[in-house]
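> Mind looking over this structure? Questions follow.
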Amino acid sequence: MKQVPNYINGLHFNNLRGDIYGGLTAAVVALPLALAMGVASGAGPIAGMYGAIFVGFFAALFGGTPAQVSGPTGPMTVVMAGIFTQFTGLFPGDPATGAALAFTVVMMGGLFQILFGLLKVGKYIQLVPHPVVSGFMSGIGVIIILIQIGPLLGHAPTARPLAAALAIPDHFARPQQAAILLAIITLAIVYLIPKFLPRLNKLMPSPLLALILGTAVYLLFMDNGAAATLGTIPSGLPDPRLPTIMLEHLWQMIVAALILAALGSIDSLLTSLVADNVTRTYHKSDRELIGQGIGNTIAGLFGGLPGAGATMRTVVNVKAGGLTPISGALHAVILLVIVLGASGLASNIPNAVLAGILVKVGTDIIDWDYLKKVHRAPLAGVVIMLVVLIMTVFIDLMIAVGTGMVMASLLFLKRMTDLQINSLKITTSEQSEMPLNDNEKEIMTNAGGRILLFSLGGPMSFGSAKNMAKMLSTYKNYDVMVIDVSTVPLIDYTSCKALAEIITDAQSLHRNVMLVGAKDKVLATLKKQQVFHLIGSENTFQLRESALATALASVKNSGIIEA
């Protein structure tokens, strides 16, 4: 097999025919989506095309998922729309300056993604729980649908979802007939063709078919100006945009860039997992973040939308035969050729047609699979999903994800604490849930309840610390405490502190304390937190039987029970 050096992950030329067909097919799917997302972002259709070109090309070459096709996605477009509105709103009389700041944020977001990859953050992003991802993606889908209802009915789009939702009654009260007809045609094509005519959909993807037929209906059967259209679209290669930094707005730019970087990373790595499932391969998450970061940095430099791994385009690419970075890079080159030679043809595309295409994108993003199973899903996960969904739509994307992560973390902590509490075993007799051998049972019997055996199990964290003292408080009449930590692989500071208090309280009542089976890491932590010196090496044992035998001798020597 002819293999290219590994600076281009997965690149080889043994699948050239499949990669060419995959790239062509992905470009056909990407064209209407790039135009529509450019319009939805507020930056214009050409920004969507430039984003698809630059992110698609450089993420393919430098990313870590060979079959992945990247470009503007629904979630990234929603965030970019907010960023574009935010920064152009700072300069009402000078929108060019606001746009320059917005595209600088795109560059900064790309640089943050590169940093994430270098710091190997990819593996942590994949730990985001499914209810959080589900609520977030469904919320993004709802946002896209809400902000496209206006254009569907012939009105200008509203950038903020809450404002778009509040404007719906007014939009329906004053519909534009031409726009409604075009929207109905578009929606019928994008929803019905894949379901009832799958062969036609495979030959010509439904978004492109809707774009062509919707535009044809407008040009052939409607008066000029009957529905709003894209208008003049620039052609040719864009001029580079040097970064624009204003110190008074720097913090806002950093926050916005971090949001873009975090969302782009999550979006891309989720698509990478889909690509893995389809191709039966394994992506390199940190390398993927670096590739996406390079693509987004260059996209921002040339006035393109930020992008991420695009699930639909990736799946289409793989099903058409694309398996290597050649297909993703080729898809970008084809879009570039279209921009250079045919952008004038797109000026007559009606906004209602693009809105219909985006509504389909929005419904595809919603996690219907989870919603269908919501009545069988764990209640806690459903609550987290709904909270994230509602906050995503009506408050803020990253606050929603942050809140979901905190809720999921607290839920995980509660479950871990319950497991840790269940692993705590205390006994003063031979009748115990602990697996005692015959000699140990005999020792506990002979001790007459004067030995308290306290067994800790599993990793001990702060969640279970208070419960240790609480459980011990019910035991009063003993003289020697044997603490068995033989099955504890790790122990944290709070648990150490709780153990120290337990040991100190016992010793203050003139009770002896012994430690059994501390592993190297646990012993090192106990020494570092100055817990070990409270017990001393003379009361430290590796075998529980030895500790119990010593404890029994101590009890007999005290004269409490007969020798």
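The values are calculated or read from the model by the stated rules, or taken from the named source; none is laboratory data. Bear in mind that the values here come from a model prediction, so they are computed numbers and not experimental data. Every residue, glycine as well, gets a Cβ built from its backbone with ideal geometry; the counts of neighbours run over all protein chains shown.
> How about segment 181-222: which of its residues are without any contact (Cβ under 8 Å) to a residue 12 or more places away in the chain and either under 13 Å from Asn351 (Cβ atoms) or assigned to a loop (DSSP other than H, G, I, E, B) (or both)?
Leu197, the sole residue that qualifies.
> Something else now. Every residue in segment 313-328 that is at negative phi and either of a type in the set (D, E, K, R) or more than 25 Å from the chain's Cα centre (by Cα) (or both), please.
Arg313, Lys319, Ala320, Gly322, Ile326, Ser327, listed by residue number.
> Oh, and also: Which of the residues belonging to segment 256-283 are surrounded by fewer than 19 Cβ atoms within 10 Å (Cβ to Cβ) and farther than 17 Å from Asn317 by Cβ?
Those that are surrounded by fewer than 19 Cβ atoms within 10 Å (Cβ to Cβ) and farther than 17 Å from Asn317 by Cβ: Leu258, Tyr282.
> Filter segment 147-156 down to residues that are within 29 Å of the chain's Cα centre (by Cα) and surrounded by 21 or more Cβ atoms within 10 Å (Cβ to Cβ) and give me whichever is nearest to Ile185 (Cα to Cα).
Restricting to residues being within 29 Å of the chain's Cα centre (by Cα) and surrounded by 21 or more Cβ atoms within 10 Å (Cβ to Cβ), the top hit is Gln148.
> Next up: Would a scan of segment 110-130 turn up a residue that is β-branched (Val, Ile, Thr), within 15 Å of Ala36 (Cβ to Cβ) and assigned to a helix (DSSP H, G or I)?
No, the conditions are met nowhere in segment 110-130.
> A further question on this structure: Condition first: free of Cβ contacts under 8 Å to residues at least 12 places away in the same chain and either in contact with a Phe, Trp or Tyr (Cβ under 6 Å, 6 or more places away or on another chain) or more than 16 Å from Thr428 (Cα to Cα) (or both). Can you find one or more residues in segment 479-496 that meet it?
no
> Considering every residue within segment 465-478, establish whether at least one is surrounded by 15 or more Cβ atoms within 10 Å (Cβ to Cβ), at pLDDT 80 or above and assigned to a loop (DSSP other than H, G, I, E, B).
yes
> Additional query: Would you please list the contacts, defined by Cβ atoms under 6 Å and residues six or more apart or on different chains, that run from a residue in segment 159-176 that is assigned by TED's automatic domain parsing to the domain that holds Phe87 to a residue that is in a helix (DSSP H, G or I) and of a type in the set (Ser, Thr, Tyr)?
Ala159/Thr85
> Could you grab me the full set of residues in segment 91-112 that are farther than 14 Å from Gly303 by Cα and either buried (at least 21 other Cβ atoms within 10 Å of the Cβ) or not assigned by TED's automatic domain parsing to the domain that holds Met76 (or both)?
Phe112
> Still on this structure, please answer the following. Only one of Ala67, Ala59 is assigned to a loop (DSSP other than H, G, I, E, B) and hydrophobic (A, V, I, L, M, F, W, C); which?
Ala67
> Additional query: Looking at Gly307, is it in contact with a Phe, Trp or Tyr (Cβ under 9 Å, 6 or more places away or on another chain) and modelled with pLDDT of 90 or more?
yes
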